[in-house]
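Let me begin by presenting the structure, written as structure tokens, before commenting on it.
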Amino acid sequence: MPTARGCRLVLALFALWLPAAGCAVHAGEPGARAVDAGAPPPAPGRLHALLLNGGGRKEINYRSHLHHIRRAWELLRAGGVPAGNIAVFSADGADPAPDLATRETDDARGFWVLPQWTQNALRAPITYVDSTIAGVTLLRATKDALRGWFAEAKARLGPGDTLLLYVTDHGEKNEKDLKDNTISLWNDKLSVTELREMLAVLDPGVRVVMLMSQCFSGSFAQVVHPDADATPVGNVCGYFSTTADRRAYGCYPENRGKDGIGHAHHFLEAVAGLDRFPAAERSVLVTDRTPDIPNTTLDVFLAARLTKAAQAAGRRGPDASPERAMAALADELLAEAWRDRGAWEPDIRLLDRIGASFGTFSPRSLGELEEQARVLPEFSSRLATYAERWNQAFDALKIEILREFVRDHPVWKPRLEAAALKALDADGRRKTLYELLAELVPFASADPARHARLKLLKRKAADAAAASYRAEVRLGAVLRLRTHLTSMAGRVYMTTRATPEERASYERLAACEDLALGGPIDVAAPAALATGESFPPLAEERRLVEELMPAYMGIYFRPLDEAQRRKWNIGEGAVAVMTVNPDSPAKAAGLQVGDVILGPPGALFTEPTQVREWTMRSEIGVDYALATLRDGVARTVTLRPGPYPLELPKLPGPPKVGSVAPTMDLDVIRGEDQLATDRSDLLYFWATWCVICKHALPEIMAYAKARHLDLIAITDEDPELVRRFLADQKEPFPEIVAIDAHRATFQGYGVSGTPSFVIVDPDGVVRLYQTGYTVDGGLHVDGWTFNGRKRAAAPSPAPTPIRKP
């Protein structure tokens, strides 16, 4: 048989070079991988398969998982594997109860015009059905059922048999030990350790090949052996969608509910066209446009050998980390490989294809990848922040359009009430959706200027979200390149430095991974995977970031209520400044808390949140005039918007119990003569619109009376509105009422929601801080009893938000 270097090479899919049939490649030769490309597949009767989709529970058991199981079944049967050799464990098995979540696609024209809350209320509901595969008896995906199957397989499988263990499922990370992550089963989970124990009952002569696509699946490479220093037996190996510390494609919101994407799909389709697993793996590295990082037990084994060799040689990385030391050794070994580039042509072509597919370069060392691995996460995070901000502005405009629509079409007001929407069945929702869109879409496009704004915001939000996800995928591609380069270095190590035992382990693992199903080749299957366009170059993506960067003012604001607008005779677009961020364009423009922003002179804002959209769309670094009011007096300020920061300045947090209380800047409008300096204060942060605040009143008033506290009700609302509220109030209410006109006290005390309660003793020390209230939980004070319920210190429930920035 000719050697690998003397063997003619055949150009295979995507210019990935594979040895021609009958050509052996040996570990002792440069660039070689211990694979006999001509090794026959297992005889159909000697190949067995366990297909697993645990599902977790019906709410997260997705249709794509069942599709992957069905496709794997079809490929095995096409390869001649008897049905009796294939066991399918899926969710609750043959139980006819619903165990699979499905949802119809929302294809109604103009659906995007609806605000998010309306989309959620009217979109096709999730329905639950029973998992079925025609002609297949599904088994319950539980640990007991799996243990029972392995106990039976112990007697049925023997030396020379191959077991394919295929998993398409959810996975969870073990934060305490990444070598022992878990696969979701039906209302249970299966760890690496537990799977290793199950496999241990099989005869050592049984080859086990794992193919796993769940999150954090790379941990299951440790099934081979938990000790990285140990020599693998070589009868267990596997292919994994991602590393032990990273999510898989299905956990990204861009992919939820979609079929035909991700490692499971691409690997199976590549197997259909190439048959052999190593070739399918190389294809997936190029064609899978998700953040997955496909890797194998051989990749993990070689990386572990390099790490051990670097440590044994006393190497230290620039930061003294084992990873950097291993990378330095790997780059030295790669430099040796490049002395004979012809021997590594298949690998060079693979690196080139990955780089071209994902809009990056083709590296020749790990060091070349460091900068991208460092920059891309921040790049993605920045784009995700931009997408979120554009989405907020987009949804705010849609809310305003729907509000005006309902005002002009009052017949829709009762139909869009939350209770009415919740009462609709599936047919009623669909009918309501189509009738609403038939009227709303023309209404939304009737104003050309506003419709243009709507389409622009939609495009900005979509472009930023897509670019953010592409950055995640690019990072996955960089990590794929790093994995392959590391394995190349490991192969050089095997040729030049490894012990005989290490080489033998390498060859056994490579032989284990070289599985072929032996079915008919579908030549169209792999080609169909390469139809997507390559990613734009990273330089173009950087220019897109500049286009998508929203401008920034640096305030938190709230719309004015009707009484305030009438008081100053201003429109609905006017907003009050709640917070001015330090070192922000707003601060430089001289804006202060309490100022009212009206809009550009001659083009005042007409919508309550238009100031956000106007700011984001403004040109960075250009001066703009803004009409404002300060204490009712008209002023014009000059604002120069800046670039949007990746992280907004953090607002002050609540003071800790036992700390000195912040100062208060309040206007007392009632009960000032009742304040006493020798009593503790119970500060009650509230709002006239806050229903929970009203529920809390009886208890806090009783507590203040029992403990002789000054109860001070503090709000940030308009004084006239508060006075009218107090005049109409029939129920008991605190006698001391104060206005925080500039929100200095709200901010100083870090109030994130109403109601909030703070007790400050006469020495100015905080003795209690609580946000939120429930009738059952009450005030979190040890020893306090109200209405027969004994209270105790406990975590606060979620507050009612004051305002969204």
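The values are calculated or read from the model by the stated rules, or taken from the named source; none is laboratory data. Remember, predicted model here, so these are calculated numbers, not experimental data. Counting neighbours? That spans all protein chains shown, and the Cβs are built from the backbone with ideal geometry, glycine included. With ligands, DNA and RNA removed, areas are computed over all heavy atoms of the protein, side chains included. Shrake-Rupley method; radii C 1.70, N 1.55, O 1.52, S 1.80 Å.
For the reader, a short list of remarks on this structure follows.
- Neighbours by Cβ (under 9 Å, 6+ apart or cross-chain): first from the range 332-358, closer than 15 Å to residue 489 by Cβ; second among the acidic types (Asp, Glu) and modelled with pLDDT under 95: 337/347; 343/29
- Among the residues of the range 47-65, the ones that are over 20 Å from the mean Cα position of the chain (by Cα) and either surrounded by 24 or more Cβ atoms within 10 Å (Cβ to Cβ) or within 13 Å of residue 164 (Cα to Cα) (or both) come to 8 in all.
Okay, residues lined up against (1) open to solvent by less than 70 Å² (accessible area, probe 1.4 Å); (2) within 30 Å of residue 457 (Cβ to Cβ); (3) not in a loop (DSSP other than H, G, I, E, B):
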position: 587; (1), (2), (3): no, yes, yes
position: 612; (1), (2), (3): yes, yes, yes
position: 615; (1), (2), (3): yes, yes, yes
position: 653; (1), (2), (3): yes, no, no
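- If the condition is being hydroxyl-bearing (Ser, Thr, Tyr), modelled with pLDDT of 95 or more and closer than 23 Å to residue 240 by Cα, then the range 478-505 contributes 483, 486, 487.
- Inter-residue pairs, beta-carbon under 9 Å, first hydroxyl-bearing (Ser, Thr, Tyr) and in the range 40-62, second in a strand (DSSP E or B), 6+ apart: 62/100; 62/101; 62/102
- Pair list, Cβ < 6 Å and 6+ apart or interchain, from the range 694-710 residues that are closer than 13 Å to residue 785 by Cβ and outside any helix (DSSP H, G or I) to residues that are open to solvent by less than 10 Å² (accessible area, probe 1.4 Å) and of a type in the set (A, V, I, L, M): none
- Residue within the range 561-580 that is within 30 Å of residue 688 (Cα to Cα), free of Cβ contacts under 8 Å to residues at least 12 places away in the same chain, assigned to a loop (DSSP other than H, G, I, E, B) and not charged (D, E, K, R) present: yes
- The single residue among 218, 238 that is touching a residue at least 40 places away in the same chain (Cβ under 8 Å), within 26 Å of residue 309 (Cβ to Cβ) and assigned to a strand (DSSP E or B) turns out to be 238.
- Taking the conditions (1) under 43 Å from the mean Cα position of the chain (by Cα); (2) without any contact (Cβ under 8 Å) to a residue 60 or more places away in the chain; (3) open to solvent by 30 Å² or more (accessible area, probe 1.4 Å) in turn, residue 775 satisfies each one other than (2).
- Residues that are open to solvent by less than 80 Å² (accessible area, probe 1.4 Å), more than 31 Å from the chain's Cα centre (by Cα), of a type in the set (D, E, K, R) and farther than 16 Å from residue 397 by Cα, drawn from the range 416-450: 435, 439
- Qualifying residue in the range 661-676 (condition: in a helix (DSSP H, G or I) and open to solvent by 90 Å² or more (accessible area, probe 1.4 Å)): yes
- Answer residue from the range 81-123, given it is open to solvent by 20 Å² or more (accessible area, probe 1.4 Å), over 21 Å from residue 445 (Cα atoms) and in contact with an Asp or Glu (Cβ under 6 Å, 6 or more places away or on another chain) and is modelled with the lowest pLDDT among those: 123
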